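Some notes on the structure that comes next.
The values are calculated or read from the model by the stated rules, or taken from the named source; none is laboratory data. From a predicted model like this one, the values you see are computed outputs, not experimental measurements. Positions of Cβ are generated from backbone atoms using ideal geometry, with glycine treated the same way; all protein chains shown enter the neighbour counts.
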Amino acid sequence: MKPLIVANWKCNPASEKEAENLFRDGIKELEGVDVAEVVICPPFIYLPMMGESLFPIGGQDCFWGQKGAYTGEISPAMLKDLGCQYVIIGHSERRTYFNESDEMINRKIKAAIAAKLNPILCIGETKDQRDKGQTETILEKQIISTLREIPESDFKKITIAYEPVWAIGTGNPCSVQEAQKVGIKIREIVSKIYSSKTAESARILYGGSVKSNNAAGYVKEAGLQGLLVGGASLDAKEFAKIVRNAV
Ligand code: PGA
């Protein structure tokens, strides 16, 4: 399986023109790269302009229902209709600023799968939790609760992104050794719910201050299956370097 490199633009850029330019530059920079699966997750409003592109596209969040009286929400069915293949669910910024709970995330994952999207489930501990030695406990709780009642056949559509909160947007990435250890832990936790074969083949990404100078280690040394890139995905040249270095 090719490494999966996901660009999470977050709430950027501020205009459609800039989004168009960034996307066009990205396509140019990544021309001929087919050794990785590159997914672009822009703000919802820029998805239509990308629907016809070579890259798979994804949402950065979705609602847990497909339609109805839920002001402001975007449903998985709507994302699918726009051509999305993926959706990021449970990003720590959603958990922190919008109070998303594991229970909400679980419902979102189920709705995304029902709409035939591939969820990218984000998990990760805060600095405080890490300092207290709680990383494993937190990850286990997040994994068990967000995957509640999700059958093994559906889990195969889910990618887990390990995104330590203390590493996101801080310029302080998790070391390759630590990411590798956590990756092994995540597989152990997954094997408590599903078969060991499924746990072994689970796709696990790393995210948090990924740059072109550290991208390679997570995929080539830590044995993870790809990257979730935030800030650095807003620079087409740097993002293309990350993709090239990681494969
Ligand atoms: P960052 O963000 O690369 O800017 O640290 C990663 C993420 O939040 O997905």
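A residue that is part of a helix (DSSP H, G or I), surrounded by 20 or more Cβ atoms within 10 Å (Cβ to Cβ) and in contact with a strand residue (DSSP E or B) (Cβ under 7 Å, 6 or more places away or on another chain) occurs somewhere in region 27-49. Scanning region 20-39 for residues that are among the acidic types (Asp, Glu) and under 20 Å from the mean Cα position of the chain (by Cα) yields Asp34, Glu37.
With respect to the conditions (1) away from the ligand (no atom under 16 Å from the Cβ); (2) in contact with an Asp or Glu (Cβ under 9 Å, 6 or more places away or on another chain); (3) small (Gly, Ala, Ser), Ala14 lacks only one, and its number is (2). As for region 7-19, it holds at least one residue that is buried (at least 16 other Cβ atoms within 10 Å of the Cβ), under 30 Å from Asp102 (Cα atoms), in contact with a strand residue (DSSP E or B) (Cβ under 7 Å, 6 or more places away or on another chain) and hydrophobic (A, V, I, L, M, F, W, C).
Annotation: of all residues in region 155-177 being assigned to a helix (DSSP H, G or I) and buried (at least 16 other Cβ atoms within 10 Å of the Cβ), the one that is farthest from the ligand (Cβ to nearest atom) is Phe155. Take the conditions (1) part of a helix (DSSP H, G or I); (2) at pLDDT below 95; Gly183 misses just one of them, which is (2). Close Cβ contacts (under 6 Å, 6 or more residues apart or on different chains) running from residues in region 155-167 that are farther than 14 Å from Tyr86 by Cβ to residues that are among the aliphatic types (A, V, I, L, M) and at pLDDT 95 or above comprise Tyr162/Val182.
For first residues located in region 74-100 and at pLDDT 95 or above and within 13 Å of the ligand (Cβ to nearest atom), partners that are part of a loop (DSSP other than H, G, I, E, B) and small (Gly, Ala, Ser) and lie 6+ apart or on another chain with Cβ distances below 8 Å form the pairs Ser92/Gly124; Arg95/Ser101.
Tell me whether region 124-144 contains one or more residues that are more than 16 Å from the ligand (Cβ to nearest atom), part of a helix (DSSP H, G or I) and touching a Leu at 6+ places or on another chain (Cβ under 7 Å).
No, because not a single residue in region 124-144 is more than 16 Å from the ligand (Cβ to nearest atom), part of a helix (DSSP H, G or I) and touching a Leu at 6+ places or on another chain (Cβ under 7 Å).
You will find that of Gly72, Gly65, Gly83, the residue that is in contact with a strand residue (DSSP E or B) (Cβ under 9 Å, 6 or more places away or on another chain), surrounded by fewer than 18 Cβ atoms within 10 Å (Cβ to Cβ) and either basic (Lys, Arg) or over 23 Å from Lys211 (Cα atoms) (or both) is Gly83 and no other. Against the test of being within 16 Å of the ligand (Cβ to nearest atom), outside any strand (DSSP E or B) and within 17 Å of Asp154 (Cα to Cα), the options Ile120, Ile105, Ile113, Ile109 yield a single qualifying residue, Ile105.
Of all residues in region 191-244, exactly one satisfies the criterion of being of a type outside the set (Ser, Thr, Tyr), near the ligand (Cβ under 10 Å from one of its atoms), buried (at least 22 other Cβ atoms within 10 Å of the Cβ) and in a helix (DSSP H, G or I), namely Ile242.
Checking Ile184, Ile204, Ile242, Ile168 one by one, the residue that is of a type in the set (Val, Ile, Thr) and farther than 21 Å from Glu93 by Cβ is Ile184 and no other. Within region 51-62, if we keep just the residues that are under 18 Å from the mean Cα position of the chain (by Cα) and not β-branched (Val, Ile, Thr), the residue that is surrounded by the fewest Cβ atoms within 10 Å (Cβ to Cβ) turns out to be Phe55.
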